[in-house]
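Heads up, the thing below is written out as C-alpha cells.
The values are calculated or read from the model by the stated rules, or taken from the named source; none is laboratory data. Just so it is clear, the structure is predicted and the values come from calculations on it, not from any experiment. Methodologically, a virtual Cβ is constructed for each residue, glycine included, from the backbone with ideal geometry; neighbour enumeration extends over all protein chains shown. Just the protein is used for accessible areas: all its heavy atoms, side chains included, with ligands, DNA and RNA removed. Shrake-Rupley method; radii C 1.70, N 1.55, O 1.52, S 1.80 Å.
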Amino acid sequence: MSTSVKASAPSEAASCVPRIKARLLGESVLAQFVRFVVVGVSSNGVYALLFVVLAFLGPFTANLAGVAASTVLANELHRRHTFRAVGRVGWFQTQWEAGGLALIGVGLSTASLAAMHILFPTAATYVQVAVVIAVSGLFGAARFVALRGWVFRAPNFSGLEPAQP
C-alpha cells in the first residue's frame, strides 16, 4: 500500500507544475507581481555587473551607466513580459513614463540616505543599507501599482483583484 502512495506522489507533483506555470504566465496581479520581481532582480544583476566592469571610470560614472542601462532594460522587460503591453504602449512612452518613476525612486532612496546622515550621523553602514532597502522596497510596490494601472494600462484594472483559478 505504501508503494502506491509513493508512486502517486511524483505524478501529483507533476500535475501541479502545469497549473503553477499557467498561473505565473497569466494576467493576474500575482502573476504580474512575480514577473515584476524577477525583472527587478535581473536588472539589479545587470546594474551590478556594469558597475563592476566600469568601476575604472570612477564610481559616479559606473553608477550612472549602470542605473541608465538597467532601468532601460527593466522598463522594456516590464513592457514585453511583466505587463505584456507591446500592443498598448510604445518603447519611447515606456522609457519616458517608467523611467520617470524610476528616477523618483532613486530620489527617494537618496533622500532617505541623506536624512540618515543628518539625523543619525554615526549610524552603522548596515543600518543605512537597511533604510535604503526598506524605502526602495516600499517604492517598488508603489511603482508596480503605478506601472500596472498608469504606464501599461492593464486591461480591466481595478486595483488588486484576486487571481483567477
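The table for this structure:
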read-out	value
Condition met for Val72 (in contact with a Lys or Arg (Cβ under 7 Å, 6 or more places away or on another chain), free of Cβ contacts under 8 Å to residues at least 40 places away in the same chain and either of a type outside the set (Val, Ile, Thr) or closer than 23 Å to Leu147 by Cα (or both))	no
Close pairs from region 7-28: first at negative phi, partner modelled with pLDDT under 75 and polar (S, T, N, Q), Cβ under 8 Å, at least 6 apart	Gly26/Gln164; Ser28/Gln164
Residue that is farthest from Phe144 (Cα to Cα), among those in region 34-43 that are buried (at least 17 other Cβ atoms within 10 Å of the Cβ) and not basic (Lys, Arg)	Ser43
Given (1) open to solvent by 60 Å² or more (accessible area, probe 1.4 Å); (2) aromatic (Phe, Trp, Tyr); (3) out of contact with any Gly (no Cβ under 7 Å at 6 or more places or on another chain); (4) closer than 22 Å to Val135 by Cβ, number of the condition Phe51 does not satisfy	(3)
Near pairs, Cβ below 9 angstrom, 6+ apart or cross-chain, from region 127-155 (closer than 19 Å to His81 by Cα and without any contact (Cβ under 8 Å) to a residue 40 or more places away in the chain) to any residue that is open to solvent by 50 Å² or more (accessible area, probe 1.4 Å) and part of a helix (DSSP H, G or I)	Ala141/Phe33
Positions within region 85-103 being among the small types (Gly, Ala, Ser) and touching a residue at least 12 places away in the same chain (Cβ under 8 Å), in sequence order	Ala85, Ala98, Gly99, Ala102
Residue match in region 115-130 (condition: under 26 Å from Phe33 (Cα atoms) and open to solvent by less than 50 Å² (accessible area, probe 1.4 Å))	no
Which numbered condition Val86 misses (of (1) closer than 20 Å to Leu25 by Cα; (2) within 17 Å of the chain's Cα centre (by Cα); (3) open to solvent by less than 80 Å² (accessible area, probe 1.4 Å); (4) not polar (S, T, N, Q))	(2)
